[in-house]
1. Output the strands (runs of 3 or more DSSP E) that fall wholly within the range B:43-100 and possess 3 or more residues being surrounded by 14 or more Cβ atoms within 10 Å (Cβ to Cβ) and away from chain A (no Cβ under 14 Å), or say none.
2. Which residue pairs have Cβ atoms closer than 8 Å, lie 6 or more positions apart in sequence or on different chains, and pair a first residue in the range B:98-109 that is at positive phi with a second residue that is surrounded by fewer than 23 Cβ atoms within 10 Å (Cβ to Cβ) and among the acidic types (Asp, Glu)?
3. Which pairs have Cβ atoms under 6 Å, sit 6 or more apart or on different chains, and link a residue in the range B:1-14 that is of a type in the set (D, E, K, R) to one that is outside any loop (DSSP other than H, G, I, E, B)?
4. Among the residues in the range A:54-68, are any of a type in the set (Lys, Arg) and either at the interface with chain B (Cβ under 10 Å from one of its Cβ atoms) or free of Cβ contacts under 8 Å to residues at least 40 places away in the same chain (or both)?
5. Does the range A:1-29 hold any residues that are outside any loop (DSSP other than H, G, I, E, B), closer than 11 Å to A:LEU110 by Cβ and either touching a residue at least 60 places away in the same chain (Cβ under 8 Å) or out of contact with any Leu (no Cβ under 8 Å at 6 or more places or on another chain) (or both), and which are they?
6. Here are the criteria: (1) under 13 Å from the mean Cα position of the chain (by Cα); (2) over 26 Å from B:PHE33 (Cβ atoms). Tell me which single one A:ALA93 does not satisfy.
7. Test A:ARG84 against the criterion of being surrounded by fewer than 19 Cβ atoms within 10 Å (Cβ to Cβ), more than 11 Å from chain B (Cβ to nearest Cβ), under 28 Å from B:PRO9 (Cα atoms) and not aliphatic (A, V, I, L, M), and give yes or no.
8. Answer with yes or no whether A:GLY59 is under 24 Å from A:GLY16 (Cα atoms) and part of a loop (DSSP other than H, G, I, E, B).
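Throughout, read-outs are computed from the coordinates displayed, never taken from laboratory work. All values derive from a computational prediction rather than experimental measurement. Don't worry about glycine lacking a Cβ; one is built from the backbone with ideal geometry, like all the others, and counts go over all protein chains shown.
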Amino acid sequence: NAGVMQNPRHLVRRRGQEARLRCSPMKGHSHVYWYRQLPEEGLKFMVYLQKENIIDESGMPKERFSAEFPKEGPSILRIQQVVRGDSAAYFCASSPTSYNEQFFGPGTRLTVL
Amino acid sequence: DQQVKQNSPSLSVQEGRISILNCDYTNSMFDYFLWYKKYPAEGPTFLISISSIKDKNEDGRFTVFLNKSAKHLSLHIVPSQPGDSAVYFCAASPQGGSEKLVFGKGTKLTVNP
């Protein structure tokens, strides 16, 4: 049973470009969560999605960031017009229900030049 | 405002001895707590969890203790092994399940052979 998959593992963007991060949850998991980790910090919650629905986006910056989890395909975290402060590790997690532990993917390390 | 605090950035122990990692929280609405282990360039791996209705949960070499009155939990690893060397994150959930985890900054454990 494959774990949570994220791609790309490393992503380099110049300021002003768009970044698209993909997450495929574990088989049978319909709950997806995105977290961001800045250097020397813990993980910070960004958004919680179920298929086709955003359940909680209280941790998402109000501008430039969006997330989706379509009926078919992976969850996408999209960052428009990236800035240097967006450089971080972005982790996706999934769970079968909201009452189970979350299983994390290996992360995407975004570097903004 | 950090709601989950891991006040020791690092801990070093000898192989075979006990490792005790501590975590404090401030939000009395937290009722589900988890510990994750993280190796460099990988995602966090779930270790063990505890609900607020319990004060202890054990899984092999790992035991988590919860003191609700002190808003404190600890992870005990015994005996410690060199492969346990990693960063350990404490996480808490403000709801009945594991949605929207709030993470501490982590404690780097080094187990010396």
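1. On the way: elements: B:45-51, B:56-59, B:62-67, B:72-77, B:86-93.
Result: B:62-67, B:72-77.
2. Every condition considered, the pairs that remain are B:LYS100/A:ASP56.
3. Close Cβ pairs (under 6 Å, with a partner that is outside any loop (DSSP other than H, G, I, E, B)) amount to B:LYS5/B:ASP24.
4. Of the range A:54-68, the ones of a type in the set (Lys, Arg) are A:62, A:64.
Subset that is either at the interface with chain B (Cβ under 10 Å from one of its Cβ atoms) or free of Cβ contacts under 8 Å to residues at least 40 places away in the same chain (or both): A:62, A:64.
The answer is yes, given that some residue of the range A:54-68 is of a type in the set (Lys, Arg) and either at the interface with chain B (Cβ under 10 Å from one of its Cβ atoms) or free of Cβ contacts under 8 Å to residues at least 40 places away in the same chain (or both).
5. As a first pass, look at the range A:1-29 and keep what is outside any loop (DSSP other than H, G, I, E, B): A:5-7, A:10-13, A:19-24.
Narrowing further to those that are closer than 11 Å to A:LEU110 by Cβ: A:10-13, A:19-21.
Selection gives A:HIS10, A:LEU11, A:VAL12, A:ARG13, A:ALA19, A:LEU21.
6. The single condition A:ALA93 does not satisfy is (2).
7. Details: surrounded by fewer than 19 Cβ atoms within 10 Å (Cβ to Cβ): yes; more than 11 Å from chain B (Cβ to nearest Cβ): yes; under 28 Å from B:PRO9 (Cα atoms): yes; not aliphatic (A, V, I, L, M): yes.
Yes: the conditions hold for A:ARG84.
8. On the way: under 24 Å from A:GLY16 (Cα atoms): yes; part of a loop (DSSP other than H, G, I, E, B): yes.
Yes; evaluated as a whole, the condition is true for this residue.
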